[in-house]
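The values are calculated or read from the model by the stated rules, or taken from the named source; none is laboratory data. These figures come from a predicted structure and were not determined experimentally. Every residue, glycine as well, gets a Cβ built from its backbone with ideal geometry; the counts of neighbours run over all protein chains shown.
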Amino acid sequence: MTNVLPSPARRPLRVLAVGAHPDDIEIGCGASLAAHVAAGDEVWMFVLTRGEQRSNGQRVHEQQAAADILGAKLLWGPFTDGTIPSDVTALHYVDQIVSEIGPDVMYTHAGNDSHQDHRATAQLTLACARKMARILQWKAPSSLGFTPTVFVDVSDTLQVKIDAIAAHTSQLDARVDPEVLTADAVVWGHQARVRYAEGFETPRFLWNVR
Ligand SMILES: [Zn+2]
């Protein structure tokens, strides 16, 4: 006799993460995306610029290598690094990608961020997610205050995130220290009562009890 209920099989989710630059998504939710892939979900990474301000083109290849490590599909946006617009043309572009994928859950930047591209990406994504029930917003190194209230258990996939970030070899000087990312995962894991977690802010997150 046990009081632990068996986990019911759930249908695979369609998961879309939208980031401004190469490596933003990995830093923000890489371990969660790896957990989705491990659970059989389909994951897309939509990177709005090619990070050309800090690259002579190699960031495109590094981003593909990182997506391969996570097991995600990669899509690129057409925008210029440093000047992502939040006008109606940009909105229609992102909206079309979101409609084509039809995600069940979306991840993106938190809006309270000192980088203009991160703020614009959050704004565009939230507008495109207006009919969606599940949106999670991550912390970036440039975030200006961040209070997560939803946590994803990444006890089994934190290392995949670290490995994916390491694929961005041209960013060695500016890359986030894995120790910092692990420290966040420990603190958020403590808050969420698991070993490691990624924490997110959310405007809404529907929980289906089934
Ligand atoms: Zn960025």
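How many residues does the range 164-207 contain that are without any contact (Cβ under 8 Å) to a residue 40 or more places away in the chain, aliphatic (A, V, I, L, M) and surrounded by fewer than 16 Cβ atoms within 10 Å (Cβ to Cβ)?
Qualifying residue count, the range 164-207: 5.
Are any of the residues in the range 69-80 without any contact (Cβ under 8 Å) to a residue 40 or more places away in the chain, within 16 Å of the ligand (Cβ to nearest atom), closer than 25 Å to A183 by Cβ and under 18 Å from the mean Cα position of the chain (by Cα)?
Looking through the range 69-80, none of the residues is without any contact (Cβ under 8 Å) to a residue 40 or more places away in the chain, within 16 Å of the ligand (Cβ to nearest atom), closer than 25 Å to A183 by Cβ and under 18 Å from the mean Cα position of the chain (by Cα).
Among the candidates R14, R10, R54, single out the residue that is over 20 Å from Q123 (Cβ atoms), touching an Asp or Glu at 6+ places or on another chain (Cβ under 7 Å) and of a type outside the set (A, V, I, L, M).
Details: R10 fails: touching an Asp or Glu at 6+ places or on another chain (Cβ under 7 Å); R54 fails: touching an Asp or Glu at 6+ places or on another chain (Cβ under 7 Å).
That would be R14, the only listed residue that is over 20 Å from Q123 (Cβ atoms), touching an Asp or Glu at 6+ places or on another chain (Cβ under 7 Å) and of a type outside the set (A, V, I, L, M).
Among the numbered conditions (1) out of contact with any Cys (no Cβ under 8 Å at 6 or more places or on another chain); (2) modelled with pLDDT of 95 or more, tell me where V94 comes up short.
It is condition (1) that V94 fails.
In the range 94-130, what residues are within 23 Å of E198 (Cα to Cα), assigned to a loop (DSSP other than H, G, I, E, B) and not small (G, A, S)?
Taking the range 94-130 as the starting set, the residues that turn out to be within 23 Å of E198 (Cα to Cα) are 103-115, 117-126, 129.
Now restrict to residues that are assigned to a loop (DSSP other than H, G, I, E, B): 103-104, 110-112, 114-115, 129.
Scanning the range 94-130 gives P103, D104, N112, H115.
Would you tally the residues in the range 38-60 being within 15 Å of the ligand (Cβ to nearest atom), touching a residue at least 40 places away in the same chain (Cβ under 8 Å) and not basic (K, R)?
So the count comes out to 4.
So, in the range 176-203, exactly how many residues are assigned to a loop (DSSP other than H, G, I, E, B) and more than 16 Å from W138 (Cβ to Cβ)? Walk me through how you get there before you give the answer.
Here is the first cut: in the range 176-203, the ones assigned to a loop (DSSP other than H, G, I, E, B) are 176-177, 193-196, 202-203.
So of that shortlist, the ones also more than 16 Å from W138 (Cβ to Cβ) come out as 177, 193-195.
Residues that pass the stated criteria total 4.
With the requirement that a residue be farther than 21 Å from A72 by Cα, more than 16 Å from the ligand (Cβ to nearest atom) and small (G, A, S), what does the range 139-160 give you? Give the derivation first.
Of the residues in the range 139-160, the ones farther than 21 Å from A72 by Cα are 141-150.
Filter again for more than 16 Å from the ligand (Cβ to nearest atom), leaving 145, 147-150.
The answer is G145, and nothing else.
Taking the range 157-175 on its own, how many of its residues are part of a loop (DSSP other than H, G, I, E, B), in contact with a helix residue (DSSP H, G or I) (Cβ under 7 Å, 6 or more places away or on another chain) and either charged (D, E, K, R) or more than 22 Å from G57 (Cβ to Cβ) (or both)?
2
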